[in-house]
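So the structure is just underneath, and the comments pick up after that.
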Amino acid sequence: GGMSPLSLATPEGFFAVVYFQIHGKLSTGLSETKKKLFRPDSVRGRVVEIGSGFGDNFLFFAENGINASFTAVEPNSHMMPRLRERVDESGLSVSLIAATAEGAGGLIAGGSVDVVVSTLTLCSVTSLESALDNIYTWLKPGGK
């Protein structure tokens, strides 16, 4: 699915439309880095992805043999339809949370997460301190 022109009416919609145009090139440009960082031996157990966008990482995970229990945290409702499509395409087990990294604090149990993934997201959170506090709270001892 493409993006509706009506999406331009809000800042979140505008961002989704612009990001839709460039996300393929960004994802391709990051593929070598992702192959180094996102390996089956390092992305395992319970994984939270902050800012899942259109779900590019879930396709990458599936194509590279990474099968974990995923939670996608995505605040932009304009990205959700494509994110759901990508999750379905990937065949992975993914639960979706419509929230920001800062606002998702109590929605994920403390000490329950093995790995937190964030690609091109932490530069756009409104409070980096709050987002990092949540990540630290969610991670199990030894989590990454």
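Evaluation of Leu107 against the conditions (1) of a type in the set (A, V, I, L, M); (2) modelled with pLDDT of 95 or more; (3) open to solvent by less than 30 Å² (accessible area, probe 1.4 Å) shows that the sole unmet condition is (3).
Selection within the stretch 33-52: residues that are assigned to a loop (DSSP other than H, G, I, E, B) and free of Cβ contacts under 8 Å to residues at least 60 places away in the same chain. The member of this set that is nearest to the chain's Cα centre (by Cα) is Ser52.
The lone criterion from (1) over 12 Å from the mean Cα position of the chain (by Cα); (2) farther than 19 Å from Ser31 by Cα; (3) among the small types (Gly, Ala, Ser) left unmet by Ser90 is number (2).
Suppose the filter is of a type outside the set (D, E, K, R), assigned to a helix (DSSP H, G or I) and open to solvent by 60 Å² or more (accessible area, probe 1.4 Å); does Leu132 pass it?
Numbers: of a type outside the set (D, E, K, R): yes; assigned to a helix (DSSP H, G or I): yes; open to solvent by 60 Å² or more (accessible area, probe 1.4 Å): yes.
Yes; evaluated as a whole, the condition is true for this residue.
All of Gly106, Gly111, Gly91 fail the test of being small (Gly, Ala, Ser) and touching a Lys or Arg at 6+ places or on another chain (Cβ under 7 Å), apart from Gly111. If you go through the stretch 32-45 and keep only what is surrounded by 14 or more Cβ atoms within 10 Å (Cβ to Cβ) and either modelled with pLDDT under 80 or of a type in the set (S, T, N, Q) (or both), you end up with just Lys34.
Within the stretch 60-83, being modelled with pLDDT under 95 and outside any loop (DSSP other than H, G, I, E, B) holds for Phe60, Phe61, Ala62, Glu63, Met80, Pro81, Arg82, Leu83.
Being more than 24 Å from Ala62 (Cα to Cα), at pLDDT below 95 and within 12 Å of the chain's Cα centre (by Cα): is that true of Thr121 here?
Details: more than 24 Å from Ala62 (Cα to Cα): no; at pLDDT below 95: yes; within 12 Å of the chain's Cα centre (by Cα): yes.
Answer is no for this residue.
Scan the stretch 112-129 for residues that are under 27 Å from Lys35 (Cα atoms) and surrounded by fewer than 18 Cβ atoms within 10 Å (Cβ to Cβ) and jot them down.
Taking the stretch 112-129 first, the residues under 27 Å from Lys35 (Cα atoms) are 112-125, 128.
Within the stretch 112-129, Ser112, Leu120, Leu122, Cys123, Ser124, Leu128 meet the criteria.
Among the residues of the stretch 114-129, those identified as touching a strand residue (DSSP E or B) at 6+ places or on another chain (Cβ under 6 Å) and assigned to a loop (DSSP other than H, G, I, E, B) are Asp114, Thr121. Under the condition of being of a type in the set (S, T, N, Q), closer than 17 Å to Thr121 by Cα and open to solvent by 40 Å² or more (accessible area, probe 1.4 Å), the residues counted in the stretch 46-81 number 1.
The values are calculated or read from the model by the stated rules, or taken from the named source; none is laboratory data. Remember, predicted model here, so these are calculated numbers, not experimental data. Using ideal geometry, Cβ is built from the backbone for each residue, glycine included, and neighbour counts are taken over all protein chains shown. Accessible surface areas use protein heavy atoms only, side chains included; no ligands, DNA or RNA. Shrake-Rupley method; radii C 1.70, N 1.55, O 1.52, S 1.80 Å.
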